[in-house]
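Report on the following structure.
The values are calculated or read from the model by the stated rules, or taken from the named source; none is laboratory data. Since this is a predicted model, take the numbers as computed values, not measurements. Don't worry about glycine lacking a Cβ; one is built from the backbone with ideal geometry, like all the others, and counts go over all protein chains shown. Ligands, DNA and RNA are stripped out before the accessible areas are found, and what is left, the full protein with its side chains, is counted by its heavy atoms. Shrake-Rupley method; radii C 1.70, N 1.55, O 1.52, S 1.80 Å.
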Amino acid sequence: EYILGEEETPGLNLSSSYNFAPNYVGSFIYRTFNDDKTQRIQHIRNLVAGPLLSSKLLDMSAVNYYYSLNEMPTPPKNLSLIYRGKQLYIYKNNSAWPYFYLAKNLEILNDEKKQIDVKQGTAYIEKKDSFVLPKNAGGGIIKMKEFLFGKIVFDFQSRQQELLVIADSWHPLWRARTNHSDLSLIRTNEIFKGIILPAGKYDVT
């Protein structure tokens, strides 16, 4: 562990290479692979070559596909083989959460014990970011219009306030806005973005 964070893992990084990940990201990865008291990884870079893990936290992270050099003799029930090639087997994760969703419920993260048994449709936020989500939340319409490096645009419509959760790394310098105003962006599901959306019909960037 370093002052700037944990060493980055190539196994879970699809962006350009860099040397460090924030501490909260490193902590999330270690907990995902080791929290059932089985030490599958000793170092974050061990993820370059596995190990195989079927996990609710990976599902929450919208991990849709697993790949392997060899065919799995007994894959977990949530994985289905969709491609077989020379030293490449691709499995679809049928339990993966969507890449983005409007939260139906909010739960406050406990700093002493982070969430493990996560529930799809719920957003997990820190106590300092807590707010009241309407009873019928999650019923709005959200569609992705544009996806570029460093920019995502959504088409949004709802009669009430909503929380948009995106399985994309949170960083304090990220900003969210409509054509008219800035929006509150909070860390959600421990390592991802959450955007508080006022009622209305507009684009979110």
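Taking the 1.4 Å solvent-accessible surface of the chain as the whole, the part contributed by carbon and sulfur is 52%. Dipole check for the chain: with +1 at the C-beta of Lys and Arg, -1 at the C-beta of Asp and Glu, and the Cα centre as origin, the magnitude is about 560 Debye.
The phi torsions of the range 55-60, fed into the Karplus equation with coefficients 6.51, -1.76 and 1.60 and a -60° offset, translate into couplings of 9, 5, 6, 5, 4, 4 Hz, rounded to whole numbers, with Gly and Pro shown as x.
Of the residues ILE82, ILE166, ILE142, the one that moves most in a GNM of the chain with alpha-carbon contacts below 10 Å is ILE82. Mind checking the angle between helix 23-34 and the chain's longest principal axis? C-alpha axes, 0 to 90 degrees, to the nearest 10. Once rounded, the angle reads 50 degrees. Would you work out if the range 130-205 is rounded, prolate or oblate? Take a ≥ b ≥ c from the square roots of the eigenvalues of the alpha-carbon gyration tensor; rounded if a/c is under 1.5, else prolate when a/b is larger than b/c, oblate otherwise. It is oblate, given that a/c is not under 1.5 and a/b is not larger than b/c.
Which of the three applies to the range 91-176, rounded, prolate or oblate, going by the alpha-carbon gyration tensor with a ≥ b ≥ c and a/c under 1.5 meaning rounded? It comes out rounded by the Cα gyration axes. When you work out D = kT/(6 pi eta Rh) for the range 23-79 at 10 °C and 1.306 mPa s, using the Kirkwood radius from C-alpha pairs as Rh and the Stokes-Einstein form, the result is 128 µm²/s.
Once the Cβ-Cβ distance of ALA199 and ASN94 is raised to the sixth power relative to R0 = 25 Å, the FRET efficiency obtained is 0.15. Which of rounded, prolate, oblate describes the range 69-137, given a ≥ b ≥ c as roots of the alpha-carbon gyration tensor eigenvalues and a/c under 1.5 marking rounded, otherwise prolate only if a/b is larger than b/c? Prolate shape, in that a/c is at least 1.5 and a/b is the bigger ratio.
Annotation: amide H of GLN160 within the under-5 Å range of GLY200, sequence separation 5 or more or interchain, hydrogens built in the peptide plane.
Label separation (TYR65 vs ASN46): 2.7 nm, computed from points 7 Å beyond Cα along the C-beta direction. Sites count as exposed loop sites when they are GluC sites (Glu not before Pro), lie in a DSSP loop, and have at most 14 other Cβ atoms within 10 angstrom; the longest stretch of the chain without one is 127-205.
Across the range 153-170, coupling constants 3J(HN,Hα) worked out from phi with the 6.51/-1.76/1.60 Karplus curve, θ = phi - 60°, read 10, 10, 9, 10, 8, 6, 8, 9, 5, 9, 10, 8, 10, 10, 7, 9, 3, 6 Hz, and Gly and Pro carry x. Since only GLY85, TYR101, GLN161 are under comparison, the one whose Cα sits farthest along the positive direction of the charge dipole of the range 77-170, derived from C-beta charges on Lys, Arg, Asp and Glu, is GLY85.
Each label was represented as a point 7 Å from its Cα along the Cα-to-Cβ direction; for GLN87 and GLN157 these points are 5.1 nm apart.
Here the chain is treated as a Stokes sphere of Kirkwood radius computed over C-alpha pairs; at 25 °C and 0.890 mPa s its diffusion coefficient rounds to 133 µm²/s. Here the range 102-165 and the range 30-78 have alpha carbon centers that stand 25 Å from each other. Note that the range 70-82 has calculated 3J(HN,Hα) couplings of 10, 5, 6, x, 9, x, x, 4, 7, 9, 10, 6, 10 Hz, one per residue in order, obtained from phi through the Karplus relation 6.51 cos²θ - 1.76 cosθ + 1.60 (θ = phi - 60°); glycine and proline are x.
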